[in-house]
Amino acid sequence: MPRLKPDVQRQRRAHILDAAELCFARAGFHRTTMQDICREAGVSPGALYLYFNSKEALIAGIAERDRAEFQQRFNGLATAPDLLKALDQLAKQYFVEEPPHKRVMCIEIGLEATRNPHIGEIYRSVDTFVHQSFRDLFQRLKDEGRIAPALDIPTLAAVFATIGDGLFWRRATDPSFDGPAVLPAVLAVIEGLLNPVAQPTTDIPAKGAS
């Protein structure tokens with residue numbers, strides 16, 4: 001049997017992870033079987049086990065992919081000319097544009113993390129990574145004089161994470177949740193917490209002005 005090219009392997013792996021996300025969101029971690037995921041992905045058990053040998057391995061794959069995706073989206077925040085606009089764009093990606101089943105899946109994994117030590121370790125590693133990323137960002141912005149929060153940075157990051165968790169839960173559990181209507185108010189709250197500092201601008205004299 002010929003060996004698949006690396007790009008084909010990556011595509012198949014991503015396809016299986018997509019199928020697993022749908023299954024976990026639809027039926028929960030415990031009720032989902034590997035056979036369910038095979039059917040959703042349209043692959044044989046042999047093909048599935050070639051990439052993932054257990055549901056825990058699938059969770060690890062989903063978590064790692066989510067971490068990489070978050071990092072890619074997060075990278076530009078520190079240098080964004082308009083921090084609040086950049087945060088608004090990030091929020092829209094997670095709380096408006098992403099399919100709702102991904103939020104349900106995240107909650108399902110979070111619940112399983114309270115029962116399964118291995119899943120708990122995976123879940124907490126990603127949660128810690130996201131939390132630390134924002135904590136480092138806020139510290140950098142404060143050091144650069146771009147924000148002047150009343151709260152200390154660890155508390156600010158904790159409050160920020162709590163707001164984000166609430167939005168995740170609401171998007172996943174409330175069919176009537178209207179992200180586009182709520183996000184402007186949430187951003188106003190975040191602006192008050194961060195207290196952005198207006199940055200000096202360099203005025204360029206008009207041509208011909210003395």
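Among the residues of the stretch 129-143, are any β-branched (Val, Ile, Thr), under 18 Å from residue 91 (Cβ atoms) and open to solvent by less than 50 Å² (accessible area, probe 1.4 Å)?
Keep residues of the stretch 129-143 that are β-branched (Val, Ile, Thr), which gives 130.
Then drop every residue that is not under 18 Å from residue 91 (Cβ atoms), which leaves 130.
With open to solvent by less than 50 Å² (accessible area, probe 1.4 Å) added as a condition, the list becomes 130.
Scanning the stretch 129-143, I find at least one residue that is β-branched (Val, Ile, Thr), under 18 Å from residue 91 (Cβ atoms) and open to solvent by less than 50 Å² (accessible area, probe 1.4 Å), so the answer is yes.
For the stretch 45-65, state whether one or more residues are closer than 21 Å to residue 145 by Cβ, of a type outside the set (Lys, Arg) and more than 15 Å from the chain's Cα centre (by Cα). The answer is no, given that none of the residues of the stretch 45-65 is closer than 21 Å to residue 145 by Cβ, of a type outside the set (Lys, Arg) and more than 15 Å from the chain's Cα centre (by Cα).
With respect to residue 185, is the statement that it is surrounded by fewer than 18 Cβ atoms within 10 Å (Cβ to Cβ), outside any helix (DSSP H, G or I) and at pLDDT 95 or above true? Break it down stepwise before answering.
On the way: surrounded by fewer than 18 Cβ atoms within 10 Å (Cβ to Cβ): yes; outside any helix (DSSP H, G or I): no; at pLDDT 95 or above: yes.
Criteria not met by residue 185.
Residues that are touching a residue at least 40 places away in the same chain (Cβ under 8 Å) and not small (Gly, Ala, Ser) number at least 3 in the following helices (runs of 4 or more DSSP H) confined to the stretch 40-96: 55-74, 83-92. Selection of the stretch 85-96 for residues being surrounded by fewer than 14 Cβ atoms within 10 Å (Cβ to Cβ) and either at pLDDT below 90 or more than 27 Å from residue 17 (Cβ to Cβ) (or both) yields only 85. Residue-level check: of (1) at positive phi; (2) at pLDDT below 95, residue 145 misses just (2). The set of residues in the stretch 97-117 that are open to solvent by less than 30 Å² (accessible area, probe 1.4 Å), of a type outside the set (Gly, Ala, Ser) and without any contact (Cβ under 8 Å) to a residue 40 or more places away in the chain contains only 98.
Inside the stretch 165-181, can you point out the residues that are in contact (Cβ under 8 Å) with a residue 40 or more places away in the chain and either surrounded by 15 or more Cβ atoms within 10 Å (Cβ to Cβ) or under 18 Å from residue 92 (Cβ atoms) (or both)?
Pass one, the stretch 165-181, residues in contact (Cβ under 8 Å) with a residue 40 or more places away in the chain: 167-169, 171-173, 179-180.
Across the stretch 165-181, the qualifying residues are 167, 168, 169, 171, 172, 179, 180.
Taken over the stretch 1-39, residues that are outside any helix (DSSP H, G or I) and within 30 Å of residue 173 (Cβ to Cβ) amount to 6. Residues of the stretch 148-164 that are surrounded by fewer than 16 Cβ atoms within 10 Å (Cβ to Cβ) and either of a type outside the set (Asp, Glu) or modelled with pLDDT under 95 (or both): 148, 150, 151, 154, 155, 158, 159, 161, 162, 163.
The values are calculated or read from the model by the stated rules, or taken from the named source; none is laboratory data. If you're wondering where the values come from, they're calculated on a predicted model, not measured in any experiment. Heads up, the Cβs are rebuilt from the backbone with ideal geometry, glycines too, and the neighbour counts pull from every protein chain shown. All accessible areas refer to the heavy atoms of the entire protein, side chains included, with ligands and DNA or RNA removed. Shrake-Rupley method; radii C 1.70, N 1.55, O 1.52, S 1.80 Å.
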